[in-house]
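The values are calculated or read from the model by the stated rules, or taken from the named source; none is laboratory data. Quick caveat: nothing in here was measured; it's all calculated off a predicted structure. Note that each Cβ is placed from the backbone with ideal geometry, even for glycine, and that neighbours are counted across all protein chains shown.
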Amino acid sequence: QHKMARMKMARMARDNIPVIVLSSEDPERVSSVYKETRKFNIYPKVISCSSKEIYESERDFANTVTMAHRKAWEYIVEKSIKRAIILEDDVRLIHDPRSYTDIIDITRPDVCLLGYSKASINVAYNKIKMGKLRTIEGISVGKSLTTDLLFGSVAYYITNLGAQKLLQSDKSIVIDEWYRYEEQCDLDLYHIRPIVAMEKTDEIRTLRKY
């Protein structure tokens with residue numbers, strides 16, 4: 001009975017964690033993220049982000065994506081949300097991200113990256129160093145000790161304090177440059193193993209046109 005009660009409480013806690021999807025409104029990507037979230041009965045808050053037919057450069061594209069993330073951080077702060085999961089619309093969910101939040105909470109990060117972009121996943125696994133590692137039931141969460149790597153931002157856990165810190169950052173920083181947020185905002189950035197999500201760009205249309 002005690003075990004069942006704990007499982008019920010964990011399930012209720014999981015279901016109360018907001019999931020925010022950043023949607024480019026591209027029909028293919030909207031359909032993709034809808035299928036991914038429904039796999040785990042996730043009904044997310046959708047924040048639309050503007051997209052262009054043509055971007056002037058990689059930096060122009062990155063700035064547009066960053067503004068979408070800033071909208072999500074503003075929403076978290078304005079609504080006094082304690083913690084949330086943010087997903088980009090090209091995410092592939094390997095596990096239900098809400099199921100890991102209790103373990104992440106123990107380490108008290110501002111942000112915990114739940115997955116990586118396709119381009120950085122091998123580099124992230126091979127080169128990243130983590131400290132303050134906590135492992136519970138086969139799930140490891142640790143603080144990033146590696147700088148100058150771009151991990152992507154396809155899926156991450158974020159606290160209200162983390163959102164506040166990020167909103168105070170220089171707007172010239174683009175979302176994948178997490179090490180710059182760490183330096184400028186004293187952001188506590190953590191990673192999870194095994195990863196919960198990854199980028200799905202091999203199967204859906206990219207928005208990078210320049």
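Filtered by the rule that a residue be without any contact (Cβ under 8 Å) to a residue 12 or more places away in the chain and of a type in the set (S, T, N, Q), segment 27-48 gives 31, 41.
Yes/no per residue for (1) among the acidic types (Asp, Glu); (2) surrounded by 19 or more Cβ atoms within 10 Å (Cβ to Cβ); (3) at pLDDT below 85:
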residue	(1), (2), (3)
140	no, no, no
152	no, yes, yes
168	no, no, no
186	yes, no, no
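Annotation note: Cβ proximity below 6 Å between a residue of segment 179-202 that is closer than 12 Å to residue 165 by Cα and a residue that is modelled with pLDDT under 90 and part of a strand (DSSP E or B) (sequence gap 6+ or interchain) occurs for 189/144. Whether a residue is of a type in the set (Val, Ile, Thr), at pLDDT below 90 and either surrounded by fewer than 18 Cβ atoms within 10 Å (Cβ to Cβ) or within 16 Å of the chain's Cα centre (by Cα) (or both) was assessed, and residue 174 passes this test.
Selection over segment 108-138 of residues that are modelled with pLDDT of 75 or more, of a type in the set (Val, Ile, Thr) and closer than 22 Å to residue 200 by Cα gives a count of 1. Residue 162: crowded, with 17+ Cβ neighbours inside 10 Å, touching a Leu at 6+ places or on another chain (Cβ under 8 Å), modelled with pLDDT of 90 or more and over 26 Å from residue 32 (Cα atoms), yes or no? It is true that residue 162 is crowded, with 17+ Cβ neighbours inside 10 Å, touching a Leu at 6+ places or on another chain (Cβ under 8 Å), modelled with pLDDT of 90 or more and over 26 Å from residue 32 (Cα atoms). Residues in segment 76-95 that are β-branched (Val, Ile, Thr), under 16 Å from residue 166 (Cβ atoms) and at pLDDT below 95: 0 in all.
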